[in-house]
1. Based on this model, can you work out whether residue 85 counts as open to solvent by less than 70 Å² (accessible area, probe 1.4 Å) and in a loop (DSSP other than H, G, I, E, B)?
2. Return the pairs, sorted by first residue and then second, in which the second residue is in a loop (DSSP other than H, G, I, E, B), the first residue lies in the stretch 336-359 and is among the charged types (D, E, K, R), the beta carbons are less than 9 Å apart, and the residues are 6+ apart or on different chains.
3. Check 67, 32 and return the single one that is surrounded by 14 or more Cβ atoms within 10 Å (Cβ to Cβ), under 15 Å from residue 171 (Cβ atoms) and not hydroxyl-bearing (Ser, Thr, Tyr).
4. State whether the residues of the stretch 92-112 include one that is in a helix (DSSP H, G or I), under 20 Å from residue 163 (Cα atoms) and open to solvent by 30 Å² or more (accessible area, probe 1.4 Å).
5. If I go through the stretch 142-162 residue by residue, how many of them are touching an Asp or Glu at 6+ places or on another chain (Cβ under 6 Å) and open to solvent by 80 Å² or more (accessible area, probe 1.4 Å)?
6. Starting from residues that are without any contact (Cβ under 8 Å) to a residue 60 or more places away in the chain and surrounded by fewer than 18 Cβ atoms within 10 Å (Cβ to Cβ), keep the ones in the stretch 178-192 and report whichever is nearest to residue 301 (Cα to Cα).
7. Within the group 139, 168, which residue is exposed (fewer than 14 other Cβ atoms within 10 Å of the Cβ) and small (Gly, Ala, Ser)?
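The values are calculated or read from the model by the stated rules, or taken from the named source; none is laboratory data. No experiment lies behind these values; they were computed from the predicted model shown. Glycine gets a Cβ as well: all are built from the backbone with ideal geometry, and neighbour counts include every protein chain shown. What goes into the accessible areas is simple: the full protein's heavy atoms, side chains included, and nothing from ligands, DNA or RNA. Shrake-Rupley method; radii C 1.70, N 1.55, O 1.52, S 1.80 Å.
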Amino acid sequence: KQARRTVLSPPLVAALQERVERGEQCMLLLNRRGYAPVLHCADCGWKSECKHCSAFRVFHKIDRTLRCHHCGLTERVPRACPECGNADIAPIGRGTEQLEEHLGELLAHVLRPDGTPIRIARIDADTTRHKGALESQLAQVHAGEVDILVGTQMIAKGHDFRRITLVAAVNPDTALFSSDFRAPERLFALLMQAAGRAGRDATQSATSEMWVQTFHPQHALFEALKKHDYPAFAASELAERTSADLPPISHQALLRADARSQEAAQALLNAARETLEAQLSADPTTADLVMQVSVYPAVPMSMQRVADVERAQMLLESPSRMALQKMLWHLHGVLHQVRSQPEHKGVIRWLVDVDPQAI
């Protein structure tokens, strides 16, 4: 309902201004650090990809660097597109650095009750890198020296900010459409925790608010969040998982392989799968395990390459935990057997994650 490219909606900006002028504190949550997630060239389509990972390097405006948040690769921002020479390379998306800068521009005219200018602070992994930095920044918030606190999820949980009366989540929509079925559950928990930072002082709790800025205001997650109705949200999530036979209805284990090439990682997993099924089917005492446990073919992980290491995964799923554990017991021996074969020398390591919390 807002104008295109709106970072903060006018009603939210007005609410922030009102709170600051009353001497109250506000908190803005954006779970993405840096200035912008990607730098992009409109002429040739170049993007700031990391050469060691399946990810983009994040633009950090403060020190003019492109940083990979997975392997740590850091380079200076190029003056022009490395591929076509176009000088007009632009950031896409936004992070906490950009939000802090944008807030400073929108609220530059706002004065605190004592007539001094507004003070905005940012707390994320970049501003708290040095020893003691987090403690000193939190002390400033507690002392009332900060009017608006901008940060990632590290400020959403466990802090007792007595003066904060407004908490706003800026665009939390990415978790609504994640490939991980647990993402909405984690988002709901994060937003509930973030809302708990407002109104910690009993005298202010009646006027404290939690704002969510979303492209999907009618989504069932936000409807339940508005009513603080975790049971309703949990019931809807459970119904979805029941229809799809996802945990807790079924039980899962994830087998992961890391190798120098994606083909080598997947080859190990698929070879283990074929060997395992052949061994179990040949033995009458274990043949029923093949029917009880679904073993899916190997696929690349969502973050396929990190620090030049290719990663693949294979999912095992069963309605019976006992059957899954028996299958894993047999799989363990098969993996050692397959791993020792000469054709799998390119594999660096493998690991088994029972009840994986992220897929």
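1. Yes; evaluated as a whole, the condition is true for this residue.
2. Close Cβ pairs (under 9 Å, with a partner that is in a loop (DSSP other than H, G, I, E, B)) amount to 355/247.
3. Working: 67 fails: under 15 Å from residue 171 (Cβ atoms).
Only one candidate qualifies: 32.
4. Going through the stretch 92-112, the residues in a helix (DSSP H, G or I) turn out to be 96-106.
Retained after the next criterion (residues that are under 20 Å from residue 163 (Cα atoms)): 100, 103.
This time we only want the ones that are open to solvent by 30 Å² or more (accessible area, probe 1.4 Å), so: 100.
Among the residues of the stretch 92-112, at least one is in a helix (DSSP H, G or I), under 20 Å from residue 163 (Cα atoms) and open to solvent by 30 Å² or more (accessible area, probe 1.4 Å), which makes the answer yes.
5. Start the filter on the stretch 142-162 by keeping residues that are touching an Asp or Glu at 6+ places or on another chain (Cβ under 6 Å), which leaves 150-152, 162.
With the extra rule that they be open to solvent by 80 Å² or more (accessible area, probe 1.4 Å), the set shrinks to 162.
Final tally of qualifying residues: 1.
6. Once the filter is applied, the top-ranked residue is 178.
7. Unique residue meeting the criteria: 139.
Yes/no matrix, rows are residues, columns are (1) more than 13 Å from residue 267 (Cα to Cα); (2) of a type outside the set (A, V, I, L, M, F, W, C):
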| position | (1), (2) |
| --- | --- |
| 285 | yes, yes |
| 288 | yes, yes |
| 294 | yes, yes |
| 319 | yes, yes |
| 325 | yes, yes |
| 331 | yes, no |
| 343 | no, yes |
| 346 | no, yes |
| 352 | yes, no |
